[in-house]
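I have placed the structure first, in the form of structure tokens, so that the comments after it can refer back to it.
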Amino acid sequence: MRIEVQTAKSRYLFYRVIGYLLVILSMFMLLTAGVAVYFDEQSFWSYLISSLLTVSVGYSLVYKGRHDFVLMKRQLFLLTTLCWVSICLFATLPFVLVLPQLSYVDAVFETVSAITTTGATVLKGLDNMPRGLLFWRAVLQWIGGIGIIVMAIAILPALKIGGMKLFKTENSDISEKILPRSSSLSLMIGVVYLTMSASCMTLFYLFGMNGFDAITHGMTTVATGGFANYDASFGHFNDKPALLWISSLFMLLSALPLVLLVGTVRGHKWLLLRDPQVRAFLAITAFSVILLTLYQHHHNDRPLLDALTHTTFNVVSIITTCGYASENYAAWGGLALILFFYLTFSGGCSGSTTGGLKIFRTQLAGLLLIKQFKLLVHPNAVWVQKYGSKPVNDQLLGSVLAFCFIYFASIAALALGLSMYELDFVTALTGAATAISNVGPGLGPVIGPDGTFASLPDGAKWLISFGMLLGRLEILTVLLLFTPMYWRF
């Protein structure tokens, strides 16, 4: 009986948190309306209407949640999922109103891809798209990268709920807390995120982008989202190689743990390089860049500097799950094709804006494998596994192994579902992988770097949209809601 009362009261918190997020989302819609007015676009009314509807619903939810509440720990999974679904639902409005010819499934696909920072798109003719809509796509990726997480961390402490719990259900952060209070941490994460965004925009502008492109591409670069304003993606700026290097740098920075970036800003100079996953991530990236650069230089007779520039950009884009492309890397050769397929699963560091499996899970799975090898040689020995300088128990290793299994099982299940819509093997498999990993482009002529997801059947788009949301919320957060035991008590 007590649990039923707690469950009933917890809905007030759900109303308030989702309501606050919708109110904040409506402010970004209002900002987008200002951009449309600046560029003299009649579609500014669409953003105003969207903002009005969103703020109305948001304020109503906040008002309904004004009562005292009780929250059970396990309900954080449901709260996290509902926050993202609600944001996606209302963020669809500008696409529907500005592009009435766009089907609803395409509007949902584009919105989910933006808010999950996947970067897959169904839109064509981006070069002539209204500036307001391009700005809205970029804003969604920017707030999806870290903004919603920071907002949630900031809101929950004010409601006397531990915000770090929500941060961990969403972002798998295993870094130690640099600051004692989650509210202080959320503030510093926001400051670092804003500083990186502003720095990226400024450098883009100084090295050749116009102001609008610098702002939008700065947002999608730091969010590791990958939405560009042109059909050629970032290849539109191939005549300015400095922009590719700047983007590569900020994609790399955004793939590092945000908590450790905060610690570095606060004076812990070697904090990043002491972290095992950061060292592994940088090593994998450097190895891939060197290998493909030499491969292109010798196999494709490409000038060394040109090969290095485009290899660095595209490798960093894929491993950070950003999804930009400077050219069709699928045409580089067999080695490039296989390596990019592997990098699709990798992802960046935990606690970053990236998707994918995450480096630390690969490292922990490797520790378990090493332990099994040792036990085969010395069955009675007792081994203490360490991650960095800290011991790792078997329970953590087992949970990581279970996640790796469910990660690849989800990709396999999604690929099987996509194959029911008569998609070819490469499109189905890489489409599933890029959705769960939140990378963006897949491989092949349909959804590769030169293609879009527009030609896919509607059912396939719904499946991929679900896969993108599943991957962004670390799979288990969503799948747990489909288990009977979650709802039993």
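The values are calculated or read from the model by the stated rules, or taken from the named source; none is laboratory data. Given the structure is predicted, the values throughout are model-derived calculations rather than measurements. Because the Cβ atoms are built from the backbone with ideal geometry, glycine has one as well, and the counts that use them run over all protein chains shown. SASA here: full protein model, heavy atoms, side chains in, ligands and nucleic acids out. Shrake-Rupley method; radii C 1.70, N 1.55, O 1.52, S 1.80 Å.
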Among the residues of segment 20-66, which ones are in a loop (DSSP other than H, G, I, E, B) and under 13 Å from Leu134 (Cα atoms)?
Phe39, Glu41, Ser43
Starting from segment 259-273, keep only residues that are within 14 Å of Ser184 (Cα to Cα), then list their pairs with residues that are open to solvent by 90 Å² or more (accessible area, probe 1.4 Å) whose Cβ atoms are within a distance under 8 Å, requiring at least 6 positions of separation or different chains.
Val259/Glu176; Val259/Lys177
With open to solvent by 50 Å² or more (accessible area, probe 1.4 Å) and either of a type in the set (Gly, Ala, Ser) or at pLDDT below 95 (or both) as the only criterion, which of Leu82, Leu48 stands out?
Leu82
Looking at segment 421-435, can you tell me whether even one residue there is out of contact with any Ser or Thr (no Cβ under 9 Å at 6 or more places or on another chain) and among the hydrophobic types (A, V, I, L, M, F, W, C)?
yes
By my count, helices (runs of 4 or more DSSP H) wholly in segment 87-204 with at least 1 residues that are modelled with pLDDT under 90 and β-branched (Val, Ile, Thr) are 148-158, 163-171
The one condition in (1) surrounded by fewer than 18 Cβ atoms within 10 Å (Cβ to Cβ); (2) at pLDDT below 90 that Phe77 fails to fulfil:
(1)
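Being farther than 25 Å from Leu82 by Cβ, in contact (Cβ under 8 Å) with a residue 24 or more places away in the chain, surrounded by 12 or more Cβ atoms within 10 Å (Cβ to Cβ) and not polar (S, T, N, Q) is the requirement here; does Val478 meet it?
Working: farther than 25 Å from Leu82 by Cβ: no; in contact (Cβ under 8 Å) with a residue 24 or more places away in the chain: yes; surrounded by 12 or more Cβ atoms within 10 Å (Cβ to Cβ): yes; not polar (S, T, N, Q): yes.
No; evaluated as a whole, the condition is false for this residue.
What number of residues within segment 205-232 are among the aromatic types (Phe, Trp, Tyr), over 22 Å from Leu123 (Cβ atoms) and in a helix (DSSP H, G or I)? Don't jump to the end; show me each part of the working.
Our first condition is that a residue be among the aromatic types (Phe, Trp, Tyr); within segment 205-232, this holds for 205, 207, 212, 227, 230.
Right, trim to over 22 Å from Leu123 (Cβ atoms) and you get 205, 207.
Narrowing further to those that are in a helix (DSSP H, G or I): 205.
Final tally of qualifying residues: 1.
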Flagged in segment 439-452 as surrounded by fewer than 24 Cβ atoms within 10 Å (Cβ to Cβ) and in contact (Cβ under 8 Å) with a residue 24 or more places away in the chain, in numbering order, are Leu443, Gly444, Gly448, Asp450, Thr452
Run Leu256 past the list (1) assigned to a helix (DSSP H, G or I); (2) touching a Ser or Thr at 6+ places or on another chain (Cβ under 8 Å); (3) surrounded by 21 or more Cβ atoms within 10 Å (Cβ to Cβ) and report the number of the one that doesn't hold.
(1)
Residue hits (segment 82-129; more than 21 Å from the chain's Cα centre (by Cα) and without any contact (Cβ under 8 Å) to a residue 40 or more places away in the chain) are Val96, Leu99, Pro100, Gln101, Leu102, Tyr104, Asn128
Can you tell which of Phe345, Phe373 is within 30 Å of Gly398 (Cα to Cα) and either of a type in the set (Val, Ile, Thr) or in contact (Cβ under 8 Å) with a residue 60 or more places away in the chain (or both)?
Phe345
When you go through (1) open to solvent by less than 40 Å² (accessible area, probe 1.4 Å); (2) of a type in the set (Asp, Glu); (3) in contact (Cβ under 8 Å) with a residue 24 or more places away in the chain one by one for Asp231, which number turns out not to apply?
(1)
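Provide a single number: the residues in segment 407-438 that are open to solvent by 40 Å² or more (accessible area, probe 1.4 Å), out of contact with any helix residue (DSSP H, G or I) (no Cβ under 6 Å at 6 or more places or on another chain) and assigned to a helix (DSSP H, G or I).
Narrowing segment 407-438 to residues open to solvent by 40 Å² or more (accessible area, probe 1.4 Å): 408, 412-413, 416, 419-422, 424-426, 429.
Next, only the ones that are out of contact with any helix residue (DSSP H, G or I) (no Cβ under 6 Å at 6 or more places or on another chain) stay: 408, 412-413, 416, 420, 422, 424-425.
If we keep only those that are assigned to a helix (DSSP H, G or I) as well, we get 408, 412-413, 416, 425.
Adding up the residues that qualify gives 5.
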Look at segment 336-394 and say how many of its residues are among the polar types (S, T, N, Q), surrounded by 12 or more Cβ atoms within 10 Å (Cβ to Cβ) and assigned to a helix (DSSP H, G or I).
4
Answer yes or no: is there a residue in segment 285-304 that is closer than 25 Å to Leu367 by Cα and aromatic (Phe, Trp, Tyr).
yes
Do we find that Leu304 is over 27 Å from Ile447 (Cα atoms) and either at pLDDT 95 or above or touching a His at 6+ places or on another chain (Cβ under 6 Å) (or both) in this structure?
yes
Go through segment 439-448 and give me each residue that's part of a helix (DSSP H, G or I) and not β-branched (Val, Ile, Thr).
Gly444, Pro445
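I'd like the residue in segment 307-341 that is of a type in the set (Phe, Trp, Tyr) and in contact with a Ser or Thr (Cβ under 8 Å, 6 or more places away or on another chain) and, out of all such residues, is farthest from Ala138 (Cα to Cα). Explain how you work it out, then say what you get.
Going through segment 307-341, the residues of a type in the set (Phe, Trp, Tyr) turn out to be 313, 324, 329, 332, 340-341.
The next check asks that each one be in contact with a Ser or Thr (Cβ under 8 Å, 6 or more places away or on another chain); those that pass are 313, 324, 341.
On the way: Phe313: 20, Tyr324: 13, Phe341: 26 Å.
The qualifying residue farthest from Ala138 (Cα to Cα) is Phe341.
Within segment 461-475, which residues are over 21 Å from Phe345 (Cβ atoms) and surrounded by 19 or more Cβ atoms within 10 Å (Cβ to Cβ)? Outline the logic, then answer.
Quick first cut of segment 461-475, residues over 21 Å from Phe345 (Cβ atoms) only: 461-462.
Result: Lys461, single match.
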So for segment 2-18 (the condition being touching a Leu at 6+ places or on another chain (Cβ under 8 Å), under 23 Å from Leu140 (Cβ atoms), at pLDDT 90 or above and open to solvent by 50 Å² or more (accessible area, probe 1.4 Å)), does at least one residue qualify?
no
Can you tell me which of Val289, Val315 is among the β-branched types (Val, Ile, Thr), open to solvent by less than 20 Å² (accessible area, probe 1.4 Å), within 21 Å of Ala223 (Cα to Cα) and outside any loop (DSSP other than H, G, I, E, B)?
Val315
Please specify each residue of segment 89-146 satisfying the condition of being crowded, with 24+ Cβ neighbours inside 10 Å and among the aromatic types (Phe, Trp, Tyr).
Phe95, Phe109, Phe135, Trp136, Trp142
